[in-house]
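A short write-up of the structure that comes next.
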Protein chains: 4
Amino acid sequence: MAEFEVLTVGAGEAPYAWTFGGAAPIARIAPGTVLEVYTEDCFDGRVRGVDDLVSQVCEFPFLNPQTGPFYVEGAEPGDTLAVHFVSIEPARDWAASTTVPLFGALTSTHTTATLQPPLPEMVWMWKLDRERRTCTFQARQSDLTVDLPLDPMHGTVGVAPANLEVRSALVPDAHGGNLDTPEMRAGVTCYLGVNVEGALFSLGDGHARQGEGETCGVAVECAMNTVVIVDLIKGVPTPWPRMESDTHLMSAGSARPLEDAFRIAQLDLLSWVVADHGLSELDAYQLLTQAVESPLANVCDTNYTSVAKIRKAWLPPGRTSDVHAGLRARATAFGAGVR
Amino acid sequence: MAEFEVLTVGAGEAPYAWTFGGAAPIARIAPGTVLEVYTEDCFDGRVRGVDDLVSQVCEFPFLNPQTGPFYVEGAEPGDTLAVHFVSIEPARDWAASTTVPLFGALTSTHTTATLQPPLPEMVWMWKLDRERRTCTFQARQSDLTVDLPLDPMHGTVGVAPANLEVRSALVPDAHGGNLDTPEMRAGVTCYLGVNVEGALFSLGDGHARQGEGETCGVAVECAMNTVVIVDLIKGVPTPWPRMESDTHLMSAGSARPLEDAFRIAQLDLLSWVVADHGLSELDAYQLLTQAVESPLANVCDTNYTSVAKIRKAWLPPGRTSDVHAGLRARATAFGAGVR
Amino acid sequence: MAEFEVLTVGAGEAPYAWTFGGAAPIARIAPGTVLEVYTEDCFDGRVRGVDDLVSQVCEFPFLNPQTGPFYVEGAEPGDTLAVHFVSIEPARDWAASTTVPLFGALTSTHTTATLQPPLPEMVWMWKLDRERRTCTFQARQSDLTVDLPLDPMHGTVGVAPANLEVRSALVPDAHGGNLDTPEMRAGVTCYLGVNVEGALFSLGDGHARQGEGETCGVAVECAMNTVVIVDLIKGVPTPWPRMESDTHLMSAGSARPLEDAFRIAQLDLLSWVVADHGLSELDAYQLLTQAVESPLANVCDTNYTSVAKIRKAWLPPGRTSDVHAGLRARATAFGAGVR
Amino acid sequence: MAEFEVLTVGAGEAPYAWTFGGAAPIARIAPGTVLEVYTEDCFDGRVRGVDDLVSQVCEFPFLNPQTGPFYVEGAEPGDTLAVHFVSIEPARDWAASTTVPLFGALTSTHTTATLQPPLPEMVWMWKLDRERRTCTFQARQSDLTVDLPLDPMHGTVGVAPANLEVRSALVPDAHGGNLDTPEMRAGVTCYLGVNVEGALFSLGDGHARQGEGETCGVAVECAMNTVVIVDLIKGVPTPWPRMESDTHLMSAGSARPLEDAFRIAQLDLLSWVVADHGLSELDAYQLLTQAVESPLANVCDTNYTSVAKIRKAWLPPGRTSDVHAGLRARATAFGAGVR
């Protein structure tokens, strides 16, 4: 019978981190620990109505508060953290979104720099119905109210980066971070390469839902109550963030220009398939070309993120899926009250 | 009762075109005509076994043979062609794919130029089972045979370009062309802005299936028997290729770097929603951000192509869907033998 | 003693071409012919004062009128055209520049698509003093009048493209075209690979001067009286446009993103040095890295153009510089009235 | 009469820093202090012969050792550091360069990821002659020995970054860092925006010379004896690194893709000209377009760096050049032994 070590971090019980790396751990956990955590929204909860403009109520760089970091005992560079998302549930019955001046895909930015003035700043408040599993869009300047499916996810999941660096929680890269992929949902295991002792895992930036690419730069931003199991795979490095669901393997590449993010994700998934499923590089290249799904994550952050995704049923049996299966079983047991 | 003008172009019955623009029309058709056409595969049918290397059996630029062009009577710049795909069926029980030296996403190319030698050239022959709706991958250097779902599509659909240009059939751009999107499947209406009198529509490059991004640059390439209805919308311009299915509106942007293809597709879909569904620009920006799917088409061609896709059920009633609905009904009638 | 065949094409004596490829030759010339031609400015001479807004007085795609094309007898695919610029002299004592809506580097564009409105359209008229070799900038909204050195060049020089294509005169690519590099000045020989019989050479888009990158998209646009000698090198292909001055070898790469244009130019120059000057690839890579100048040409056109430039004195003796030296001598003889 | 506070940091006298931010200051200095420092080469001095391959003798991320950081008293966010390069002199009579696997512009990399194997690793040793002001290239696989002009510069100059971040010394960005621009030579003042108290300035990565773009990723790498005067401008922010010589103003933008680095540099230089020289935005846009030089710095680092450069003589009188002039005078006085 399974037993669980459980660590709960409720709202306001620990200071938030604003970076990956560089923040003191709020707790030490053993591999296999269940974390039950509250995560604040990317605005630190300060956008609560349509008049709360980010440029007025938020202070850069205090965005994307991270719950954590957690020091995972025994984690060393060259290992992999396996973070299984047991559940991700909105902590409030509302969420917020907004345009942000000079941020997003359909505006010039500080790096895609032009002489044009920024777009207007506008806030949308979304209503969440956790029973009906919907989030409701209410247009501001038009006559439209529409229910979209709730599809909760974490925009930001990561560990301390390599190379002695400390990165803002707004950055996605090889250490994870602000990947902003809708694939980071309950039922998924996220694999992250460990770069420093203890890994220093944290998460935040919950989204009630998000389109692929996060076009305006801001999703349906929402505080979350989230349960993850954090496990450790010793001696196995993971160069880029990977995800596994019951049906798919996924790699997430982050870079600019966007084709480089695509290349990273495709090559990493290919390497995964070669290493664990016994295909030659060229056979894997061919199979992937015809079989891959390539959902964009974000085309707005410091790096853009592209996901490559292949159906496990189309691959020869692989070695790593045992980790996901084991965590899935533990998640089920945990959900069934087996503690 | 519906009546149909039908034009059939069988294999070898007309010369192929290798460009959009610049080729003499093979026929003049009235708007509403049903085209029953054979399209040859992108290799002009020359890759028939694993020893048929493209660099030996094909001659650049004679790739992507186009069936057409068709001169659509009455079509003028500022109009839109509505091409409804009634059916796309493999014409053979096999298809071919390959690596091509210095072409594809996971290799340097003639423009992403490096000092490294090209990857090896290798051909894969795929078996198609039109009854079971599968295509079978047989690995060359590994022990794997796997059935993937047949999902036939046309890689190349387009009209003569604007600005007095003639473009190779390998190029995707505002005139359509080599978009290589899996969304171009049966049941979909493709809208193309008319740039020259008669529009000069053609199609080719059938794929038995293709992953998103067409990673190695070559899909499961297959001759097709295809039925389309070609209609004309007078006085309505269409700046970038659009598609409509029973459930979704889609725009296809083509450019480099890939983020520009993304921007074009997202902004064009936004503009469509604003113009036809009555949302303000900022409301549409917000709704799209949370609702859009962004399936990559190709990340290997002269321009990369990104598709933006939104569920029609989530939009206010629009004006243009009548065209698709009408063509869908006609396709059904045609399929039912109402000629 | 040298003798010259001379062909003169004055203002209005022949129709302009608006494309590379696809236009009928205005004359056939023998290799070695001296062309004395008038080229109209990129606006077809329609911007003559600050109230002549491009969006009102010009009609897309009738921009960048080309003088030509000239059919060069004996030119075949696989050959190289050597075009030596004897002189480029402003044909008027004024020139024009302007912002163009959604065109240029510091604005969103039709492909770097954003929701922001375009920048204001504004015209600047420049005064040229051909004796003092200056062009005078007169600010419109500020208190500044300043003389800059006259440095006349042609933005557009090219031949018909490969692959059956016809490209707008606004496009730079492997066939040359709208390269917009300030290096295309008198004293330089431009080498262009021949793609079709007769090569179909044309030129236009004179600039009284231009900064590197052509930031706003429009240089000091000026009609020119230009003298070139057009020679033919049989059996030598040239993959990308090259230039040679008395002191430097140069390659011009055109692509997006800009790093690809850079890669093309650097690799082409490296290949040139390897083929003609006997260096190994890696030695050439090292020497180039420390010795190359990399002046940007344009970061605004359909493709961006980057130039790689190396001092001939730093290379082992090469085989091709004889062509430039020979043309230089002929230009001197021609200038001295030896006809 | 001028007096100077002088701080000398010789070889091995202080630990090196490997990051911007995150390292403890090795000294506190008052604004105006003259620093006489030794900087080790980017390999930490470990590549001393052609058999010293970076992959064997160096350990990532211990590259680009920084001399510093220096805590500048009184420096606060919103201020600007003015670092005047009095002299940069090679500390040895040799320098080293090399290819590095999967690093550089003409190879695929970890982000421009392909399936191709890396290029061979090869080292070149350069001889420096400080009297004759030359550095001598000796080809490895070819018959060439050639003297190039010595043109010493620092690849890496920066302060602690904003947003709580710590960046590897290999990264160029808004905080400066690994800009790798040949413009960072003696006689130039570099302006850097202060992001944290004390600024935490450091420098390293001397190059005996470097081509524009640093094509293979590695310049003529050399330990240096360098003298800088570090001054502080209170209350003036500087968003991107700027440089000023006796003749030019320069801005350095760092980003990917390269066109964004170009945009940043051009817009920052434009803003500088608008703010300090009284031009309107559009007038500055026009003047820059015709007058700017745009020397590429690097097209190989984590971000690419592009420099925009305008001749001061072509601008109306500005307010900031007094800083450079003052530092220039102090440098002269210091050189003349006025201490």
The residue from A:Ala297, A:Ala284 that alone is buried (at least 24 other Cβ atoms within 10 Å of the Cβ) and more than 9 Å from chain B (Cβ to nearest Cβ) is A:Ala297
By residue number, the members of segment A:257-274 that are facing chain B (nearest Cβ under 7 Å) and among the charged types (D, E, K, R) are A:Glu259, A:Arg263
Identify the single condition in (1) of a type in the set (D, E, K, R); (2) more than 20 Å from the chain's Cα centre (by Cα); (3) part of a helix (DSSP H, G or I) that A:Arg319 does not satisfy, given that it satisfies every other one. (3)
D:Pro241 meets each of (1) at the interface with another protein chain (Cβ under 10 Å from one of its Cβ atoms); (2) touching a Cys at 6+ places or on another chain (Cβ under 7 Å) with one exception, condition (1)
Regarding segment A:76-98, can at least one residue be identified that is within 11 Å of chain B (Cβ to nearest Cβ), under 25 Å from A:Ser306 (Cα atoms) and out of contact with any Lys or Arg (no Cβ under 9 Å at 6 or more places or on another chain)? yes
Taking segment A:167-196 as the region of interest, how many residues are away from every other protein chain (no Cβ under 13 Å), part of a loop (DSSP other than H, G, I, E, B) and over 22 Å from D:Arg167 (Cα atoms)? 5
Output the residue which, of all residues in segment C:322-335 that are surrounded by 15 or more Cβ atoms within 10 Å (Cβ to Cβ) and farther than 17 Å from C:Asp276 by Cβ, is farthest from the other protein chains (Cβ to nearest Cβ). C:Ala333
Among the residues listed as B:Ala199, B:Ala162, B:Ala252, the single one being buried (at least 24 other Cβ atoms within 10 Å of the Cβ) and part of a loop (DSSP other than H, G, I, E, B): B:Ala199
Kindly provide the set of residues from segment C:298-330 that are of a type in the set (D, E, K, R) and closer than 18 Å to C:Gln286 by Cα, ordered by number. C:Lys309, C:Arg311, C:Lys312
Over 19 Å from the mean Cα position of the chain (by Cα), within 14 Å of chain D (Cβ to nearest Cβ), buried (at least 24 other Cβ atoms within 10 Å of the Cβ) and at pLDDT 95 or above, is that true of C:Leu106? yes
Taking the condition of being within 14 Å of chain D (Cβ to nearest Cβ) and touching a residue at least 12 places away in the same chain (Cβ under 8 Å), how many residues in segment C:145-161 meet it? 8
When segment A:97-125 is examined, which residues are found to be over 13 Å from B:Leu282 (Cα atoms) and assigned to a strand (DSSP E or B)? A:Phe103, A:Met125
Leading residue by the ranking (farthest from D:Leu7 (Cα to Cα)) among those in segment D:24-34 that are in contact (Cβ under 8 Å) with a residue 60 or more places away in the chain and in a loop (DSSP other than H, G, I, E, B): D:Pro25
Of the numbered conditions (1) in contact (Cβ under 8 Å) with a residue 60 or more places away in the chain; (2) away from chain B (no Cβ under 14 Å), A:Val47 satisfies every one except a single condition; which is it? (2)
Within segment C:203-230, which residues are within 14 Å of another protein chain (Cβ to nearest Cβ), assigned to a strand (DSSP E or B) and within 18 Å of C:Ser254 (Cα to Cα)? C:Gly213
Among the numbered conditions (1) under 13 Å from the mean Cα position of the chain (by Cα); (2) closer than 30 Å to C:Ala261 by Cβ, tell me where B:Tyr191 comes up short. (2)
Only one of B:Leu164, B:Leu115 that is within 23 Å of the chain's Cα centre (by Cα) and either away from chain A (no Cβ under 11 Å) or in contact (Cβ under 8 Å) with a residue 40 or more places away in the chain (or both): B:Leu164
Across segment C:272-294, the tally of residues that are over 16 Å from D:Thr145 (Cβ atoms), among the small types (Gly, Ala, Ser) and in contact with a Pro (Cβ under 8 Å, 6 or more places away or on another chain) stands at 1
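Residue-wise test of (1) more than 18 Å from the chain's Cα centre (by Cα); (2) part of a loop (DSSP other than H, G, I, E, B); (3) of a type outside the set (S, T, N, Q); (4) under 22 Å from A:Gly177 (Cβ atoms).
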| residue | (1), (2), (3), (4) |
| --- | --- |
| A:Ala265 | no, no, yes, yes |
| A:Trp272 | yes, no, yes, yes |
| A:Ala275 | yes, no, yes, no |
| A:Leu279 | yes, yes, yes, no |
| A:Thr302 | no, yes, no, yes |
| A:Ser306 | no, no, no, yes |
| A:Lys309 | no, no, yes, yes |
| A:Ala325 | yes, no, yes, no |
For C:Glu59, which of the numbered conditions (1) assigned to a loop (DSSP other than H, G, I, E, B); (2) on the phi < 0 side of the Ramachandran plot; (3) in contact with a strand residue (DSSP E or B) (Cβ under 9 Å, 6 or more places away or on another chain); (4) within 14 Å of another protein chain (Cβ to nearest Cβ) fails to hold? (3)
Any residue in segment B:303-321 that is buried (at least 24 other Cβ atoms within 10 Å of the Cβ), at the interface with chain A (Cβ under 10 Å from one of its Cβ atoms) and free of Cβ contacts under 8 Å to residues at least 24 places away in the same chain? no
Being among the small types (Gly, Ala, Ser), surrounded by fewer than 24 Cβ atoms within 10 Å (Cβ to Cβ) and more than 7 Å from every other protein chain (Cβ to nearest Cβ) is the requirement here; does B:Ser142 meet it? no
Answer yes if at least one residue in segment D:35-49 is more than 17 Å from the chain's Cα centre (by Cα), assigned to a strand (DSSP E or B) and buried (at least 16 other Cβ atoms within 10 Å of the Cβ), and no otherwise. no
Checking the conditions here, which among A:Ala219, A:Ala199 is of a type outside the set (Ser, Thr, Tyr) and out of contact with any helix residue (DSSP H, G or I) (no Cβ under 8 Å at 6 or more places or on another chain)? A:Ala199
Just checking, does segment C:127-136 include any residue being surrounded by 24 or more Cβ atoms within 10 Å (Cβ to Cβ), modelled with pLDDT of 95 or more and within 11 Å of another protein chain (Cβ to nearest Cβ)? yes
Note on segment A:257-272: residues surrounded by fewer than 24 Cβ atoms within 10 Å (Cβ to Cβ) and of a type outside the set (Ser, Thr, Tyr) are A:Asp268
Does B:Glu59 satisfy the condition of being over 22 Å from the mean Cα position of the chain (by Cα), among the charged types (D, E, K, R) and within 30 Å of B:Val236 (Cβ to Cβ)? no
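The values are calculated or read from the model by the stated rules, or taken from the named source; none is laboratory data. In this text, all values refer to a predicted model and were calculated from it rather than measured experimentally. Cβ coordinates were reconstructed from backbone atoms using ideal geometry, including for glycine residues, and neighbour counts include every protein chain displayed.
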